[in-house]
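Take this structure first; my questions come after.
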Amino acid sequence: MTHRARILADRLIAAPVAFLFNGLARVLGAVLQRDHSMTSANINRIVVAKLIGMGSVLQATPLLKALKQRYPHCTLTFVTMRSNQELIRRLSCVDEVLVLDDRNIFIMLITTLSTVAELIRRRADLYFDLELYSAFASLLALCAVTRNRLGFYRHSVGFKNGIYTHLVYFNTRMPVRLLYLQLGRVAGVAPDQPDQIGPIRVDESDRSGAHRVLSHTAGWQIEKPYIAVNPNASDLLLERRWPDEFVIETVGRLVSLGHQVALLGAKNEQPYVQSVVDRLPSEVRSSIANTAGRLTLGELLALLDGAACILTNDSGPMHMAIALGRPTVCLFGPANPEHYGQELPNVAIFYDQVFCSPCLYEADRPPCNGNNVCMQRIKPKRVTEAVLRLAGGSAKVGGVSFPQVVSEASDGAPLGVVIRASLKSVNSA
């Protein structure tokens with residue numbers, strides 16, 4: 001299913017059902033008076049759900065590590081879509097994965113029912129729903145019948161304050177990984193947890209596979225350093241793409257200075273990447289490896305891990321590169337880097353804010369209708385200089401600075417938390 005199809009199904013089908021069950025859950029919460037305490041003694045199984053977005057999954061790794069540190073004896077189960085399962089299996093802090101398959105509606109229904117049955121059987125003590133807008137994800141959290149269900153709200157808690165026992169305000173100007181950690185604070189995670197994303201396991205077989213793909217590229221010098229360039233963006237918002245003429249200019253400049261370039265892309269992005277390659281001068285193409293659609297996820301990770309520098313927009317490969325600790329140049333436009341960027345010595349971020357940015361996650365459709373001025377303002381010369389500097393082992397110069405975040409009140413209570421009314425009455429009793 002495409003991202004647009006998921007949104008439509010969520011709004012037309014899942015949202016009305018979730019609205020109904022939210023009210024029923026409020027009534028049952030007041031009647032049943034379940035024990036919602038969270039201690040080391042009564043937390044034995046934790047579920048974390050993030051259905052879509054490899055980048056968001058990686059942004060959740062600080063939370064996953066913090067939960068394992070707070071509850072080292074617990075079993076941590078991750079619920080996600082099929083497209084994310086291979087990545088999650090490479091995270092050492094996850095014990096098992098439950099997978100939903102959205103290749104078609106029938107398979108989605110079957111795997112959803114199966115996942116719900118598995119969640120009920122596990123009787124988890126904590127359920128972290130990392131989705132914000134998805135009514136389907138809210139229903140999945142409710143059906144798990146977990147003692148404590150933690151999630152996010154944006155404008156109002158009315159729609160969710162029955163389904164979830166604890167809600168945290170989702171501040172779109174806050175780093176996502178810190179928002180996820182704030183959910184952990186509600187469950188007893190200590191403050192000031194490290195927020196570096198990753199690590200991701202890369203196997204020797206992955207490195208061999210990536211080596212094989214590169215070595216089969218005509219003219220490629222396998223022992224020579226290379227720069228990885230991702231010119232793509234998923235259908236979540238194609239306006240995140242850097243203009244293809246800028247990609248062509250930058251790649252040409254890098255090759256003219258003696259660098260090899262590996263172009264990245266998923267299978268469905270192969271035609272676009274090939275169109276970029278076809279427009280490169282013939283003398284440049286001899287130093288280009290078009291790996292779009294040719295790599296497994298593990299091989300992609302290995303290719304990123306071996307690159308001298310990665311140039312990418314705000315997309316999955318950006319998060320992978322940062323999680324692997326590689327020098328990375330990140331291009332932001334429709335999204336504010338405060339949300340998904342990370343301030344590190346080997347990460348350079350470019351963002352020229354315009355009037356309508358950020359629009360990602362704020363509007364159903366970008367107001368520019370494809371004329372992404374925010375990305376067009378990021379010029380190749382500046383980007384090329386940053387890539388060359390980081391590829392040469394130097395630290396970044398300047399860039400975006402992130403403010404210090406205060407996440408707790410003077411009494412140590414985490415900020416932005418809303419607790420369901422029925423829990424307040426139990427606690428006060």
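The values are calculated or read from the model by the stated rules, or taken from the named source; none is laboratory data. Worth saying up front: this structure is predicted, and the values here are computed from it rather than measured. Cβ sites come from the backbone with ideal geometry, for glycine too, and all protein chains shown count toward neighbours. Surface areas here come from the heavy atoms of the whole protein model, side chains and all, with no ligands, DNA or RNA. Shrake-Rupley method; radii C 1.70, N 1.55, O 1.52, S 1.80 Å.
Scan the stretch 200-223 residue by residue and report those that are under 26 Å from the mean Cα position of the chain (by Cα), of a type in the set (Lys, Arg) and loosely packed, with under 15 Cβ neighbours inside 10 Å.
Hit for the stretch 200-223 is Arg201, nothing else.
Would you tally the residues in the stretch 133-148 being open to solvent by 20 Å² or more (accessible area, probe 1.4 Å) and either touching a Ser or Thr at 6+ places or on another chain (Cβ under 7 Å) or outside any helix (DSSP H, G or I) (or both)?
Selection size over the stretch 133-148: 4.
If you take the residues in the stretch 246-284 that are in contact (Cβ under 8 Å) with a residue 60 or more places away in the chain and farther than 18 Å from Asn313 by Cα, which one is most open to solvent (accessible area, probe 1.4 Å)?
Among those residues, the one meeting the criterion is Arg253.
Just a yes or no: is a residue in the stretch 164-182 more than 21 Å from Thr61 (Cβ to Cβ), surrounded by fewer than 17 Cβ atoms within 10 Å (Cβ to Cβ) and β-branched (Val, Ile, Thr)?
Within the stretch 164-182, none of the residues are more than 21 Å from Thr61 (Cβ to Cβ), surrounded by fewer than 17 Cβ atoms within 10 Å (Cβ to Cβ) and β-branched (Val, Ile, Thr).
Output the qualifying pairs, or none if there are none: Cβ atoms under 7 angstrom, residues six or more apart or on different chains, first residue in the stretch 139-160 and under 14 Å from Gly23 (Cβ atoms), second residue modelled with pLDDT of 90 or more and among the aromatic types (Phe, Trp, Tyr).
Lys160/Tyr153
Here is a further query. Is there a residue being without any contact (Cβ under 8 Å) to a residue 12 or more places away in the chain and open to solvent by 40 Å² or more (accessible area, probe 1.4 Å) anywhere in the stretch 224-235?
Looking through the stretch 224-235, none of the residues is without any contact (Cβ under 8 Å) to a residue 12 or more places away in the chain and open to solvent by 40 Å² or more (accessible area, probe 1.4 Å).
Those residues that are hydroxyl-bearing (Ser, Thr, Tyr) and either over 24 Å from the mean Cα position of the chain (by Cα) or open to solvent by 20 Å² or more (accessible area, probe 1.4 Å) (or both), I need them from the stretch 113-126; list them, please.
Within the stretch 113-126, just Ser114 meets the criteria.
Could you grab me the full set of residues in the stretch 303-316 that are open to solvent by 10 Å² or more (accessible area, probe 1.4 Å) and at pLDDT 95 or above?
Residues satisfying the conditions are Asp305, Gly306, Ala308.
Quick grid of which residues meet (1) under 25 Å from the mean Cα position of the chain (by Cα); (2) of a type in the set (Lys, Arg); (3) modelled with pLDDT of 75 or more:
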position	(1), (2), (3)
Arg4	yes, yes, no
Ala9	yes, no, yes
Leu20	no, no, yes
Gly23	no, no, yes
Arg26	no, yes, no
Ala30	no, no, no
Gln33	no, no, no
His36	no, no, yes
Asn42	no, no, yes
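So which helices (runs of 4 or more DSSP H) stay within the stretch 318-415 end to end and still have 1 or more residues that are among the β-branched types (Val, Ile, Thr) and either crowded, with 18+ Cβ neighbours inside 10 Å or in contact with a helix residue (DSSP H, G or I) (Cβ under 7 Å, 6 or more places away or on another chain) (or both)?
Per the criteria, 380-391.
Name the pairs whose Cβ atoms lie under 9 Å apart, with the first residue in the stretch 320-331 and on the phi > 0 side of the Ramachandran plot and of a type in the set (Gly, Ala, Ser), the second part of a helix (DSSP H, G or I) and modelled with pLDDT of 95 or more, and 6 or more positions between them or separate chains?
Within 9 Å, the pairs are Gly325/Asp305.
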